[in-house]
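**Student:** The structure under discussion is supplied below as structure tokens; questions concerning it will follow.
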Amino acid sequence: MNASDQQIAADALSVPEETIVDACDDPPLPEFGIIEQNWETDPITPAHVATHAARAAESLSFADVPDGGEVALGVGSRGIANLPTIVAGVVDAVSDAGYEPFVFPAMGSHGGATGEGQRAMLNELGVTESTIGCEIRSSMDVVEVGRTPDRDVPVVADDNAVAADAIIPINRVKPHTDFDGPVESGLSKMLVIGMGKQRGAQIAHKWAVDWSFRQMIPEITGRLLKELPIVGGVAIVEDQHDETTLIEGVPPSGFLDREEELLETAYELMPTLPFEELDLVVFDRQGKEISGQGLDTNVIGRRPFSINEPAPETPDIKRIFTRGLTEKTHGNAMGIGSADIIHADIIAELDAETSLINALTASTIRGVKLPPVVETDRAGIVAALSTIGVVDTDTVRVLRAADTMHLHQLYASPALVEAARDRDDLRVVEDPSPIEFDNGQLVAPSLRE
């Protein structure tokens, strides 16, 4: 579908502002001020990131790797801060040790489940052969390397990685959007799902329906560690500002135990909304580089399409209005079903094929169900607030955020601005003033910091 056809579809699906405002009796809207979360962070300075990455790789044992042997470095599709620099640091360390590194995409079915698409995703993240200093081998071909002992599930891995003399996944450790467990998103998951390519990701998600991820990932990780020359991994933890705060080499023996400890740190540093009960949250964008589900389920407190997993206990958000997709998500609207209302811009930007492939692979087709579509921001806010009961503009609790990753500064309704004045972890940056619209679209820019 070309851009013109997508715009036609957006126009056909969206409801005009006038219709919504009339149906809702043109209610008054709350004002917006700006609040800021006070976070104490200690990131690695950009000039030292490559050195930290190199040291992490140097801490791993290459005792069983032949001189001049090939070392496969797994790199994913997430928007990890300083990713090209981190990968380049690992490449330099491996090269200086006398081995031949190459990078392979370890991203499951992302990039449209094609080798070319996955190479393009790395390129968009700044991971190119020129920036990292080594070859990139991108293919969707996998090799079955074993089967799980109890359920006889096939265990597959990227054939380029399997053929190498050593394997090192490079990934961020963070809370996962679809499940809770001692090991969530990180090195082990990259081995099981990322390195498994489309087939491995599909196998894992299908089996997760009856066999939870919290049990599956450790067991398949153990099998992969036994069958493949995995010398360790390079784990990354980021702070609330999405900045690199830790880079650590994790030996094979620590893929579960040490990763569990790093996950606890990641939970402590994860950015969250500063209120547990909210009437409406407006997100300016969602995308795969923001979260695997577009909107991080740990931030919004919703997990409506996960596989046999309960939602987080907080926050409790009555309505979510999502305004657009990120450029880097390339139309992948996975997780759009988390919203209650979406802007027509999302339909105009949506890549239905890529979104559906992702949903089918993840066995979460409800994640790409379309909520009601509105043609303007004003229509979305009016529709959301008009469906939660009686609304008082002085007491209604509304936030507007850039996305679920960037939560340092937030637009806030008067009730939340006043609440922020009494909290040490929040600061009022700007007092409330009327929301400005231009042809129904929000005038105030997105707050990324």
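The values are calculated or read from the model by the stated rules, or taken from the named source; none is laboratory data. Note that the structure is a prediction, hence the values are computed from the model and not measured. Glycine gets a Cβ as well: all are built from the backbone with ideal geometry, and neighbour counts include every protein chain shown. Note: accessible area is taken over every heavy atom of the protein model, side chains too, but ligands, DNA and RNA are not part of it. Shrake-Rupley method; radii C 1.70, N 1.55, O 1.52, S 1.80 Å.
**Student:** So which residues in segment 415-449 are charged (D, E, K, R) and either open to solvent by less than 40 Å² (accessible area, probe 1.4 Å) or more than 15 Å from residue 396 (Cα to Cα) (or both)?
**Tutor:** Of everything in segment 415-449, those that are charged (D, E, K, R) and either open to solvent by less than 40 Å² (accessible area, probe 1.4 Å) or more than 15 Å from residue 396 (Cα to Cα) (or both) turn out to be 421, 422, 423, 424, 425, 427, 430, 431, 436, 438, 448, 449.
**Student:** Counting only residues that are open to solvent by less than 40 Å² (accessible area, probe 1.4 Å) and outside any strand (DSSP E or B), how many does segment 69-87 have?
**Tutor:** Of the residues in segment 69-87, 10 are open to solvent by less than 40 Å² (accessible area, probe 1.4 Å) and outside any strand (DSSP E or B).
**Student:** Oh, and also: I'm told residue 166 meets every condition in (1) under 20 Å from residue 93 (Cβ atoms); (2) open to solvent by 10 Å² or more (accessible area, probe 1.4 Å) except one. Can you identify the failing condition by its number?
**Tutor:** (2)
**Student:** Sticking with this structure for a sec: Could you check, for segment 202-222, whether at least one of its residues is assigned to a loop (DSSP other than H, G, I, E, B) and within 16 Å of residue 263 (Cα to Cα)?
**Tutor:** Looking through segment 202-222, none of the residues is assigned to a loop (DSSP other than H, G, I, E, B) and within 16 Å of residue 263 (Cα to Cα).
**Student:** Show the residue pairs meeting these rules: Cβ distance below 9 Å; 6+ apart or different chains; first residue within segment 296-317 and modelled with pLDDT under 85; second residue basic (Lys, Arg) and crowded, with 18+ Cβ neighbours inside 10 Å.
**Tutor:** 309/303; 310/303; 311/302; 311/303; 312/302; 312/303
**Student:** Please count how many residues of segment 161-179 are farther than 15 Å from residue 76 by Cα and either modelled with pLDDT under 95 or not in a loop (DSSP other than H, G, I, E, B) (or both).
**Tutor:** 7
**Student:** Name the single residue that is surrounded by the most Cβ atoms within 10 Å (Cβ to Cβ) among those in segment 349-367 being farther than 17 Å from residue 283 by Cβ and of a type in the set (A, V, I, L, M, F, W, C).
**Tutor:** 362
**Student:** Sticking with this one: Going by the structure shown, is residue 53 in the same structural domain as residue 158 (by the TED database), small (Gly, Ala, Ser) and at pLDDT 95 or above?
**Tutor:** Yes: the conditions hold for residue 53.
**Student:** Go through (1) within 24 Å of residue 223 (Cβ to Cβ); (2) out of contact with any helix residue (DSSP H, G or I) (no Cβ under 7 Å at 6 or more places or on another chain); (3) open to solvent by less than 60 Å² (accessible area, probe 1.4 Å) for residue 147 and report which single condition fails.
**Tutor:** Exception for residue 147: condition (3).
**Student:** Moving on to the next point. Could you say whether any residue in segment 219-239 is over 20 Å from residue 108 (Cα atoms) and of a type in the set (Asp, Glu)?
**Tutor:** Scanning segment 219-239, I find at least one residue that is over 20 Å from residue 108 (Cα atoms) and of a type in the set (Asp, Glu), so the answer is yes.
**Student:** Suppose we keep only residues that are out of contact with any strand residue (DSSP E or B) (no Cβ under 7 Å at 6 or more places or on another chain) and among the acidic types (Asp, Glu) within segment 185-241. Which one would you say is surrounded by the most Cβ atoms within 10 Å (Cβ to Cβ)?
**Tutor:** It comes out as 219.
**Student:** I've got another one for you. If residue 404 satisfies all but one of (1) surrounded by fewer than 16 Cβ atoms within 10 Å (Cβ to Cβ); (2) of a type outside the set (A, V, I, L, M, F, W, C); (3) within 29 Å of residue 293 (Cα to Cα), what's the number of the condition it fails?
**Tutor:** (1)
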